[in-house]
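In what follows, a single structure is set out as structure tokens and then discussed.
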Amino acid sequence: MRKLLVLAILSSIMFVAVFGGIIDEIKSRGYLVVGTEATFPPFEYYNENNEIVGFDIDIARKIAEALGVELKVVDTAFDGLIPSLLTKKLDMVIAGMTITEERAKVVAFSEPYFTAGQVIVVRKGSTPIKDFEGLKGKVVAVQLGTTGDLVVSELKGIKEVRRFEKFTDAFLELKNRRVDAVVLDSAVAKAYVLSNPNLEITSDVLSSEQYGIAVRKEDKDLLEFINKVLADMRKSPYDLLIEKWFAE
Ligand code: ARG
């Protein structure tokens, strides 16, 4: 009897492993593992109760809810997110991650869910830096592996690029006058400047980027599911009424 039970359990696990998609796996385990890097307000950051909150986390929660499972958020270095996804330590990544050609070679991205671009932040009262040209001869801080890192690394004439794992550290260095500027995404720069009145954004938005949620390429079921949740989230109460009363 017991042998039969063990056999039944083993074969159902194998069935899921061989035939079921990642969604079946997530449902049977009961939680969705989401990777992020939580020094990126208002998308993901630690609140005063030391919980990770933000725009991305709310989206992740909606996805977990729609799957009927708990949400587990893993905070890890930004440049480690895609490797962790590929080695199956995570089910998906939501981290204000820009959809780029390079990244799209190794992971699948959801439909874009936010538009952003790089800006330059300096200390108030120092020379305003208006564009990438203006970074020449300066010490510039970025987050390791971000699109900000990418652009700055390709610029010629920068005195030094300092790459940090956490944006909080990059801004600490800026405040302590050890770097001249931080290059990062517009909405996040605004959030940092708001909580650090001695800093300011002195450039326009210098690039055009779109954020996507990343999953492994083979997890097509999860990708489709995520896109459906995103589409549903965009529906206004009006859209829902139209659907209710006029759908065929
Ligand atoms: N959008 C930029 C990129 O994809 C920065 C993202 C940083 N996100 C974070 N959670 N720290 O490279």
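The values are calculated or read from the model by the stated rules, or taken from the named source; none is laboratory data. Please read these numbers as outputs of a predicted model, since none were measured by experiment. Please note: Cβ atoms are built from the backbone with ideal geometry, for glycine as well, and neighbour counts cover all protein chains shown. Just so you know, the surface numbers come from the protein's heavy atoms only, side chains and all, with ligands and any DNA or RNA stripped out. Shrake-Rupley method; radii C 1.70, N 1.55, O 1.52, S 1.80 Å.
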Check your understanding: Going highest first, how would you order 223-229, 104-110, 89-95 by mean Cβ packing within 10 Å?
Key -> 89-95, 223-229, 104-110
Review point. Under a straight-distance cross-link criterion of Cα-Cα below 16 Å, which aspartates and glutamates are reachable from Lys244, leaving out those fewer than 8 residues away in the same chain?
Key: Asp232
**Study point:** For the range 69-179, the spread of Cα positions along each principal axis, largest first, Å
**Key:** 50, 27, 23
Review point. Nearest-5 percent of antiparallel DSSP beta bridges in the chain?
Key: 55
Practice item. Determine which lysines satisfy two conditions relative to Lys190: a Cα distance under 22 Å, and not lying fewer than 8 residues away in the same chain. Key: Lys124, Lys130, Lys138, Lys166, Lys175
Practice item. Provide the percentage of antiparallel DSSP beta bridges, counting only those with both residues in the range 61-193; round to the nearest 5. Key: 35
Check your understanding: If the cut-off is a Cα-Cα distance under 26 Å, which lysines reach Lys217, setting aside same-chain residues fewer than 8 apart in sequence?
Key -> Lys27, Lys62, Lys72, Lys88, Lys89, Lys105, Lys228
Exercise for review: Quick one: pull the percent of accessible area on the chain belonging to carbon and sulfur, 1.4 Å probe, ligands and nucleic acids left out.
Suggested key: 57
Point to revise | Value at 222 nm in deg cm²/dmol, rounded to 500, when DSSP H runs of n ≥ 4 in the chain each add -39,500 (n - 2.57) | key: -12000 deg cm²/dmol
Point to revise | Where the chain is the region considered: accessible area per residue in Å², 1.4 Å probe | key: 56
Exercise for review: Determine the equivalent ellipsoid of the chain by diagonalising the alpha-carbon gyration tensor, then write out the semi-axes as square roots of 5 times the eigenvalues, largest first, rounded to whole Å.
Suggested key: 39, 21, 16
